[in-house]
Amino acid sequence: NVASMVKPIVEESIEELYQTLFPECLKIADLGCSLGPNALLVVSEIIEILRITSQKLNSPLPSLQAFLNDLPGNDLTTFQGMIEESKLDNFNLPYYAATMEEVKKVIEAEGSFTLQKLEAFKVDWDTYIKKANKGLDKQAGEVLLASDIRAVGEPILASHFGEASMEDLFRRFKEKLNSPLPSLQAFLNDLPGNDFNTIFRSLQSFYRKLETEKGNTFGNCFIAGVPGSFYGRLFPCNSLHFAHSSYAIMWLSEVNI
């Protein structure tokens, strides 16, 4: 998970801080700690880092004072959990993912911290779950994913919709993760002069690669060729859910698909 990915950086920082200051009481702040067991994960890891470092340096183990921070709406004592339609209609959650440079500028401009190291990690859910526990089956992985989404999303949702609806909401979310995956039927179109046989010969290796990379996280995939010009009609009415064109669409003066 994310905590395990940044653990080497935390270890390096704590060791350097400890060797420089040798404090009797080391004080740390976890900014945006969320809730539940995850809130104490970083603290427990820092305790272990301190224990190992003190043994390595043959020095007394310091006390630890940890400040867990989150928004005032976060219930730091307890949480439990249908959603009123009116509340759903006026719920808005704008999201903006800052770049590393933007984060750096904000930290430096605020002035409370000296930034020594800044790294970004790309985390997808499949990798996250496998790193958390390689032995997890699909159902257990879905439970873990739902729990982690809940740890982040529940304080925000509960403040707007109320705590009483949270249990049912995340139960439904977990069931949604367990819903069967749809099949995919893809039609590849180009002019009749295109060598479709080259594409068809590559399909077996494409299917094998898809199975290797996605496993059972993706439904069946069926690919067919549709030769012809898209200046005319290529498909029956209401036969497609989605159409894509990277470059060829720019030759059209109007869309006739």
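Some values worked out for this structure:
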read-out	value
Label-to-label distance, nm, for residues given as A224 and Y207 (7 Å Cα→Cβ offset)	1.5 nm
Estimated FRET transfer efficiency when R0 is 25 angstrom, pair K7-L93 (beta carbons, to 0.05)	0.25
For peptides 151-158, 17-24, sequence by mean Cβ density within 10 Å, most packed first	151-158, 17-24
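No lab work stands behind these numbers, since they all come straight from the coordinates. Quantities reported herein were computed from a predicted structural model and do not represent experimental measurements. Using ideal geometry, Cβ is built from the backbone for each residue, glycine included, and neighbour counts are taken over all protein chains shown.
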